[in-house]
Every structure is written in C-alpha cells, then in structure tokens.
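Undergrad: This structure is in structure tokens; I'll ask about it shortly.
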Amino acid sequence: MDIPTLKAARSGDVNAAAGSWMSLSKECWQAVNDIHANGVDPLKANWKDRVGDAAGRKLEAQANALEAGADIMRGVAMVLDGLGAEINRAQLLLDSALGMARDYGLTVDEASGTVTAPGGAASSLDSVVQEVGAMVREALREAAQADQQAAAELAKLGAATCETDPNKALNVLQNEASQVELTMYQGGIPDGQDPRLVADWWKALPDDQRRQLMLSDPVTLANLPGIPDDVKLELRGGPGAKYDRVKMVQWALDHWNDDSVDRFDDNCTDFASEALLQGGLTPKWDSWWGWRGDDTWGRSDDPGDDWLSQRTDYSKTWAGAQNMHDFMMRHGGQEVAPDQVKPGDLVYYEEDSDQDAQDGKGVIHHTAVVTAVTPDGDIRYTQHSGDQKDVSIAGRMDGFQEQRGHQKLHFVRVNPDW
C-alpha cells in the first residue's frame, strides 16, 4: 500500500456495495419466509400423503438454500462495512499527516512515504519529521491490513456460494465474517507503543468516528496509552459509575465458552450476572434472609454442589432471565432504544408468539451481554449456553425467530439504586 493508492481508495463505493449485499440478504430472507408461509406450512397442514410430503421437502430444501445464501450475503456486507470504515479512517489520518507536513514545510515522498525537512532545518524539525512519518506509516499499515483481511474473508465467502446448510452458513461463515469485521476495527487502532502517535490518530478523527470506535472496541481504547483520560472514564461508565462497563465486557469476551464458570444447566442469565459482578457491581443482600430474600441480587462464593445449596446461595434474580430483568428495572435500570445501545448493556429476549412450547407469549427467557456496536449500528452480543462471541443480533434474529417464533428485544442499561 502506498500513498497514491490510499488517496484513490473510495470508501463510499465500498459502503454502497455493503448496502447492496445487505439488501440482497434481506430479500432472500423474505423469500424464505414466503416459502414457509405459502408453501411448506400449508402443505404440511393440508396435503398429508406421500406426494405432499415430497413436495414439502422440496420446498424446504429451497428455503434452506436461500436462508444459507442470505446469511452468507450478510457476512459479505459485514466485511465490506469494516473495510469501508477502515479506509475512511486511514485516509483521515493520512490527510492529517500531510497537513502537518505542509504546515512545517516538510516533503513527503508519495512512493516511499519518506518524510524530509528542508535543507538547513533538519535538526530543529527532527521530532516533527518523526511524528509525521509515524502517522503516514500508521495510515498505510491500517489500510493495507484491512485490505488483506477483507480480501481473505471475501474469498472464503465467495467459495461458499454453493453452501445450502443454514446452520453452517450462520454459525460458521457469518460468525467468522462478524469476527473479521470487528478485528478490522481493532487492527485499525495503533498498538500504543507510541502514545504521541495514538494522540495524533485520535485527534485526526471527527467526533462521529471517535464515537464509533468507542462502541466497536471499548476494551482496547480504555487500555490504550494516548487516549484522553475523559474518554477512558466515559468508556468505563463515567463519574460515579457503580460498575466498570469495560471490565464487564472484557470478562464476557474472555469467558464466553468457558465451562468452568457454569453453575446451572442453563447459564445465559448466570453468565450475564457474573459479568456484572466481575465488572464491580455490588450485590444486594438481605441481612435477614441472605440471598433468599425477595429483593436481592447476588451469589455466594461457595455455592456447593447440591440442588439445595444452589437454591439458598443464589438469589432468584441471579440466573432467571425474567426475574433478573424485573429486578434490574425496579432498581434504576432503564430500557434504551436500539440506536442508543452501547457495550455493557444487557439484551433480554421476550417470547412474542405462541410458537414455542416451552415459553409462553410475554415470557422473558434469555439474557446476553452487549459487547460491541459496529459503525452501521449493528449490535453484537456475547452469551453463554449456546456459546457465542460478538455475534450480530440482526444477523441471527431471522433464524432464531424461524425456530422459536417472533421475539421482542429489551435493551436494558443497569443503573443500580442500591
């Protein structure tokens, strides 16, 4: 990657391509739903002989192929979204470096990226030459790395165009694309070895780009030398916060598939509670009834192995999705709109149909931790029990609802009043 190539890159075209692939994915999902509603389901209900069964299986196979295609196409859109954002950020840093060079009369060789001072002023401008050179190299590194990552992932997705297994398309291909997108954002952040470079990089970004990075990778930014202290404080929850949102997210990302943290057969809400605890949220204890009180949240450090110990050493709000949601909302929590969600919030799933035999309509049955939000507003969550790390709510929702029926999502910001 050289300076002319980065200058000529058109992030807007990449973003437009991402939008087109996303539109195709949505159209495929609409076709899947239409085939089920107007073909598969009526056949099962009204044509029950061998011929009807064969016709239904044929339609279902077509729906599966379209579903797999929809999830793969969403993966393509994710990768392109990441590439477009990183091209834009690299160009902003390069523009800032070239602007500084002009201000000091420095020369930047566009082929090699070498920065030189005018004759006779070299010694007095050494530090500026080094600073501009570091910015140029960082901009080119970010762009080249994103380009390489995108090319590799798009080649993998392109090779999967004949995939007809929806499970593989969603849980392998789309999930990998989701991880690559977030890896691009993380790779577009300086490594922190030069705090001055980090400060220059951060200063070169407009406010909306800074906000996007705070949402997509709060853990890296909160621990990066050169990021302003007020930004780090905001990432952790701001002044007076009762838990550290960055530590909560970091714990969830570190333990999403760690079976050693399991305490129950179904650990989704247990995992979310533990993430809050590891983030520093103080348990709410009843001095008389301990964890058995009706208005408590927390667990014992030594729960024991038997069912009775677990029942007495954990509050009923610790591992039950409905109970935890209701408790947090009674005690200062607030439901936030999807476009206001940020890492460290919780997402609760409420059954909104009669399709699921286990949970009736109106029951909150699942909890997950929001661990990232991408620049296009795609909310990523991490969960345990059905282990998933930084996966897309929007990307997985169609498949989830196909199995369990329509869902209502509740995004909750925990704000304890105790």
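Every number in this text was worked out from the coordinates using simple rules, so none of it is lab data. Treat the numbers as computed from the prediction; the structure is a model and nothing was measured. Backbone-built Cβ (ideal geometry, glycine too); neighbour counts: all protein chains shown.
Undergrad: At 222 nm, what value in deg cm²/dmol follows for the chain if DSSP H runs of at least 4 each add -39500 (n - 2.57) and the sum is divided by all its residues, to the nearest 500?
TA: Computed ellipticity for the chain at 222 nm equals -17000 deg cm²/dmol.
Undergrad: Could I ask something else about it? Order by neighbour count: Trp318, Trp47, fewest other Cβ atoms within 10 Å first, most last.
TA: Trp47, Trp318
Undergrad: OK, next. If you average 1/r across every pair of different Cα atoms in region 3-205 and take the reciprocal, what Kirkwood value do you get, in Å?
TA: 19.8 Å
Undergrad: I'd like the orientation of helix 126-158 relative to the chain: the angle between its Cα long axis and the longest Cα principal axis, in ° from 0 to 90, rounded to 10.
TA: Relative to the chain, helix 126-158 is tipped by roughly 40 degrees.
Undergrad: Given 20 Å bins starting at zero, what is the percent of C-alpha pairs of the chain in each, up to the one with the largest pair distance?
TA: Going out from 0 Å in 20 Å bins, the chain shows 23, 47, 25, 5, 0 percent.
Undergrad: Determine Rg/Rh for region 356-418; Rg is computed over alpha-carbon atoms and Rh is the Kirkwood hydrodynamic estimate from the same atoms.
TA: When Rh is taken as the Kirkwood radius, the ratio is 0.99.
Undergrad: Still on this structure, please answer the following. Count the net charge of all other residues whose Cβ sits under 10 Å from the Cβ of Val336, scoring Lys and Arg as +1 and Asp and Glu as -1.
TA: Once positives and negatives cancel, what remains is -1.
Undergrad: Taking 0.36 nm per residue of separation and subtracting the Cα-Cα distance, what length does fully extending Thr282 through Ala155 add?
TA: 41.0 nm
Undergrad: Among Met397, Met100, which comes first, second and so on when ranked by fewest other beta-carbon atoms within 10 Å?
TA: Arranged by neighbour count, lowest to highest, Met397, Met100 become Met397, Met100.
Undergrad: Continuing with this model, one more query. Give the angle, between 0 and 90 degrees and rounded to the nearest 10, that separates the Cα long axis of helix 11-35 from the longest principal axis of the Cα atoms of the chain.
TA: 10 degrees
Undergrad: Ok, one more. Kirkwood hydrodynamic radius for region 245-413: how many Å is it when counted over pairs of different Cα atoms?
TA: Evaluated on region 245-413, it is 16.4 Å.
Undergrad: How far is helix 321-330 tilted off the main Cα axis of the chain, in degrees rounded to 10, range 0 to 90?
TA: 70 degrees
Undergrad: Now a separate question. Would you mind checking the pairs Lys316/Lys389; Lys203/Lys408; Lys26/Lys58 and listing those with alpha carbons more than 29 angstrom apart?
TA: Violating the 29 Å Cα-Cα cut-off are Lys203/Lys408.
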